[in-house]
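Engineer: Submitted below is the structure of interest, expressed as structure tokens.
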Amino acid sequence: MSWASIDLNADLGEGFGRWRLTDDERLLSVVTSANVACGFHAGDAATMRRVCALAAEREVRIGAQVSYRDLAGFGRRAMDVPADELAAEVAYQIGALQVFARAAGARVSYVKPHGALYNRVVHDEEQARAVVDGVLLTGERLPLLGLPGSRLHRAADKAGLPVVTEAFADRAYTADGTLVPRSQEGAVVHDPEAVVERSVSMARFGVVTSHCGRSVPVRARSLCLHGDTPGAVDLARRVRARLEATGVRVEAFA
């Protein structure tokens, strides 16, 4: 009997030219949703096309992973972008990916901010609204994947866009349910078994142990498995296998 259902997402297409960071093909055999880089923090036209084709072939949902324009910093550097400019750049990224998704016989099913933008829209109302405005500019009411209780989700709710809550198996949490900044020691959980156990705890019971040892409620419909860490594919397989062994259905949210 299944206790719960969960979507597994991963950041894919994070290469550029001849350089590749993620093992897209193997990860697409494990995850149910693919956050595809749209060229602003990583990715290029050929990479986006290839990943969309692979995802469509495996019936993996395609999501636009939008970012600040920051190839050199992999989208992880804080930036102050005017709201109207950010909205236009978000729409631009979604539109570019939509071309390749449709060419593969699929579509862009959701949007997820990346890196510094992801963290910024947890608390920054103006930047959150700009991301939502960018989605609306595309003319499609795409779901927004992000942290529960974020400004992004509040802005999406006000605009009538669907929201999907997300949790991270390999990231440390603060006591208030936000992610520990990568600049701090211990922000990433490296022990594979700990990642697997946290995944099951979040999927079945909706809780995770914070970096200070307190249990924090984390209600998520999707679980992020980072594809740019050593052993990412094997870890993703272990997470999925353990979830299914404990009665959790692994299925796409979109």
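Engineer: For residue 101, indicate whether it is part of a loop (DSSP other than H, G, I, E, B) and farther than 25 Å from residue 151 by Cβ.
Structural biologist: Here the answer is no, as residue 101 does not meet what is asked.
Engineer: A further question follows. Could you run through segment 17-59 and say how many residues are farther than 16 Å from residue 252 by Cβ and touching a Cys at 6+ places or on another chain (Cβ under 8 Å)?
Structural biologist: Qualifying residue count for the region: 1.
Engineer: Checking the condition under 26 Å from residue 243 (Cβ atoms), open to solvent by 10 Å² or more (accessible area, probe 1.4 Å) and charged (D, E, K, R), which residue from 58, 50, 77 passes?
Structural biologist: 58
Engineer: Here's another thing I want to ask about it. Could you list, in sequence order, the residues of segment 16-47 that are among the small types (Gly, Ala, Ser) and either touching a residue at least 24 places away in the same chain (Cβ under 8 Å) or surrounded by 22 or more Cβ atoms within 10 Å (Cβ to Cβ) (or both)?
Structural biologist: Listed by number, the residues that qualify are 17, 29, 33, 34, 37, 39, 42, 43, 45.
Engineer: Quick test for you: out of 118, 92, pick the one residue that is crowded, with 21+ Cβ neighbours inside 10 Å and among the aromatic types (Phe, Trp, Tyr).
Structural biologist: Within the list 118, 92, the selection yields 118.
Engineer: Consider only pairs whose beta carbons are under 8 Å apart and that are at least six residues apart or on different chains; among these, list those whose first residue lies in segment 133-144 and is open to solvent by less than 20 Å² (accessible area, probe 1.4 Å) and whose second residue is of a type in the set (Lys, Arg).
Structural biologist: Every condition considered, the pairs that remain are 135/141; 144/112.
Engineer: Right, here's the next one. Starting from residues that are within 19 Å of residue 75 (Cβ to Cβ) and of a type outside the set (Asp, Glu), keep the ones in segment 2-15 and report whichever is surrounded by the most Cβ atoms within 10 Å (Cβ to Cβ).
Structural biologist: Here the residue is 12.
Engineer: Residue pairs, Cβ under 6 Å, 6 or more apart or interchain, first in segment 82-93 and farther than 13 Å from residue 40 by Cα, second at pLDDT 95 or above. List them.
Structural biologist: What qualifies is 83/126; 83/130; 87/130; 87/133; 87/134.
Engineer: Among the candidates 83, 72, 87, 103, which residue alone is over 18 Å from the mean Cα position of the chain (by Cα), at pLDDT 95 or above, among the small types (Gly, Ala, Ser) and open to solvent by 70 Å² or more (accessible area, probe 1.4 Å)?
Structural biologist: Testing whether each residue is over 18 Å from the mean Cα position of the chain (by Cα), at pLDDT 95 or above, among the small types (Gly, Ala, Ser) and open to solvent by 70 Å² or more (accessible area, probe 1.4 Å) leaves just 103.
Engineer: Could I ask something else about it? For segment 98-128, which residues satisfy the criterion of being of a type in the set (S, T, N, Q) and farther than 17 Å from residue 10 by Cβ?
Structural biologist: Scanning segment 98-128 gives 98, 119, 127.
The values are calculated or read from the model by the stated rules, or taken from the named source; none is laboratory data. All values reported here derive from a predicted model rather than from experimental measurement. Ideal geometry is used to build each Cβ from the backbone, glycine not excepted, and the neighbour counts take in all protein chains shown. All accessible areas refer to the heavy atoms of the entire protein, side chains included, with ligands and DNA or RNA removed. Shrake-Rupley method; radii C 1.70, N 1.55, O 1.52, S 1.80 Å.
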